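Have a look at the structure below, then the notes.
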Amino acid sequence: MDITQIFLDLAIILFSTKALGMLMRKIGLPQVVGMVIAGLLIGPAIWGQFGWWSPIRPTPDSTIFLKGIAEIGVVMILFSAGLETDIKELKRSGLFATLIAFGGVIVPIVGGFLVAVPFLGGFSALSADKSLMLDAVFIGVILAATSVGITVETLKEMGKLKGKVGTIILSAAIIDDVIGIVVLSIAIGFKDATVNPWMTLLMTVLFFIAAIAVGLLLNRGFKWLMKKYPHNRRVPIFGLVLCFVYAFCAEKIFGIADITGAYVAGIMLSPLKEAHYIDRKVDINSYMIFAPVFFANIGINTDFTGFNGTVLLFSLLFVLVGVLGKIIGCGGVAKLCKFSWRESGQIGVGMIARGEVALVVCNKGIEGGLFAGTVINPIVAVIMLVIISSLLAPILLKLMFKGDPPSLMGGVPEIKEQTADGETETVSDGESITGAEQGFSENAAELVGAEEGAKN
């Protein structure tokens, strides 16, 4: 392995992902879009089609190395997502948010499956080949994930973040992620044709039981550690240890996705007093190198060799179902829960944005051997969905809320705190959207209750 060449590759990846990420942010798109596009531009995915030189041309050794770094990146991303899950909000969200979240998962999964069927040979081909059936189901699983970062910023700008609709969107998004991870775990478990489906379900249930039981015990240890060493870097280090152990056990012992273990580890630590400090330190390390390599690696390894009109048609239908699936699923259930037509539309539109989780799920499916030998190129479709949904979400939200008086003007103030190392760091500066979600949703339930009381 040529280490010096890897140094150069990493330098190119980090520079290009940061530059394109900043550009995307300036035009209102998620930074992850810029990172994936950076991978497309520096790798052979595009230039290789014309026989042109590309800055990065992975060798077998460098491919293995970058894949290892990328795998660590995706595990840390899901660990951070778990840390940012508001358990109190989950408990307070109630039946409505749960039902809306289920609607936002089931309808896109069904819609994605139906879109994939004709491109995989029809129902007859799927019934004869279990692998094709799993491919079709997994297309729907990709569509299940929601990323409400852009929605949060838009609602905050309009003063609607802590209102009735804003609270439902945030709560449903949290539950949506949990359900999506469970569905992903089951789908990944089915990829091995030799595995009994019922055994997969059983192992998934056993993992969650074991992970929660062990997590509750370790929670006490972390409370003691944080009391003895408040705001000390050894706390996030032990948090990462838990993350990697959970990821290992999920994959090797229970046969489900390693990212599921990482996500559950984050959820186990999320109720802790200094969970935000752990998340902050993990986030810094993740987005310095591991996450950029993961997202860039998606672009670098994307193959456009088979791109044609069929792939384009599939991608457009995939995007259409991805957008309409959330609107119909979440908005339709909201209407059944006695929300007004206007509120139901607002909730549905607020859930359409997709981001890094969709890319993570898609990448996991490809790594698991899905879509091999098919005309479907899910990476292209997912990138299109992330871009289009991120553009549509704020536009449609502003149209849906047009004419409504602002209920609470939002803004994310800068909060500075002193670390044990003597450094002053920004805890909340609007940079981390998911962190903003957690902070703003903390008292949302009380505000909704106040709204309802005023109406009565």
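Only the coordinates and a few stated rules stand behind these numbers; no lab work does. Just so it is clear, the structure is predicted and the values come from calculations on it, not from any experiment. Here Cβ is always computed from backbone atoms with ideal geometry, including for glycine, and neighbour counts include all displayed protein chains.
Panel order for Arg233, Arg280, by other beta carbons found within 10 Å of each beta carbon, from fewest to most: Arg233, Arg280. The alpha carbon radius of gyration of region 229-387, expressed as a multiple of 2.2 N^0.38 Å, is 1.29.
Structure shown: which of Lys130/Lys252; Lys88/Lys130; Lys88/Lys402 lie over 29 Å apart, alpha-carbon to alpha-carbon? Over 29 Å apart, Cα to Cα: Lys88/Lys130; Lys88/Lys402. Which shape class, rounded, prolate or oblate, goes with region 130-279 when its Cα gyration tensor gives a ≥ b ≥ c as root eigenvalues, a/c under 1.5 marks rounded, and past that a/b bigger than b/c marks prolate? Since a/c reaches 1.5 but b/c is at least a/b, the shape of region 130-279 is classed as oblate. Against the empirical 2.2 N^0.38 Å (N residues), region 21-130 has a Cα radius of gyration ratio of 1.56. Treating only the Cα positions of region 38-192 as identical point scatterers, give the base-10 log of I(q)/I(0) from the Debye formula at each q in 0.10, 0.14, 0.20 Å⁻¹. Calculated log10 I(q)/I(0) at the listed q: -0.56, -0.96, -1.18. The translational diffusion coefficient of region 3-69, from Stokes-Einstein at 10 °C and 1.306 mPa s with a Kirkwood hydrodynamic radius over alpha carbon pairs, comes to 127 µm²/s. Extension gain for the segment Ala125 to Lys252, taken as residue separation times 0.36 nm less the Cα-Cα distance, is 42.5 nm to one decimal. A convex hull fitted to the Cα coordinates of region 251-319 yields 167 cubic angstrom per residue.
Residue exposure proxy: Tyr287, Tyr263, Tyr229, Tyr277, ordered by other Cβ atoms within 10 angstrom of their Cβ from fewest to most, comes out as Tyr229, Tyr287, Tyr277, Tyr263.
Net charge of the neighbourhood of Ile13, taken over other residues with C-beta under 14 Å away and scored Lys/Arg +1, Asp/Glu -1, is +2.
Pairs from the table (Lys156/Lys281; Lys281/Lys398; Lys91/Lys223; Lys67/Lys156; Lys18/Lys228; Lys273/Lys326) lying more than 29 angstrom apart at Cα are Lys281/Lys398; Lys67/Lys156; Lys18/Lys228; Lys273/Lys326. Note on region 80-153: Cα Rg divided by 2.2 N^0.38 Å, N the number of residues, gives 1.44.
Fewest neighbouring Cβ atoms within 10 Å first, the residues Phe7, Phe238 line up as Phe7, Phe238.
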